[in-house]
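Notes follow once the structure below has been shown.
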């Protein structure tokens, strides 16, 4: 895979991740609260990767540099972390729709 193909693939993943909240039928305040709860399901390493990538808006290369890992390693870590967050957020949405706290 060429560098350009890798960047294009990553951008598609990021758009999917960033648009994920549109699939949740909750308001922004609730989304933020669920996101913060979801962070608890992540390891400290995963939390750091997500916060650097999405809250500080660092490119994956900078996340990798700050965390002392390869670009591929950071990319995989971010992907796994986002998958865990999605699971936690959907589980919370399902519990709320069933009236379970």
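What follows draws every value from the coordinates through simple rules; no lab data is involved. These figures come from a predicted structure and were not determined experimentally. For neighbour counting, all protein chains shown are included, and Cβ atoms are generated from backbone atoms with ideal geometry for every residue, glycine included.
Between residue 48 and residue 29, full extension at 0.36 nm per residue minus the direct alpha carbon distance yields a gain of 4.6 nm. With each label modelled as a point 7 angstrom along the Cα→C-beta vector, the residue 56-residue 12 pair spans 2.9 nm.
Once R0 is set to 22 Å, what does the formula 1/(1 + (r/R0)^6) return for the Cβ-Cβ distance between residue 36 and residue 83, expressed as a FRET efficiency to the nearest 0.05? Each step should come with its number before you reach the end.
Values: r = 18 Å, r/R0 = 0.81.
Efficiency, from the Cβ-Cβ distance: 0.80.
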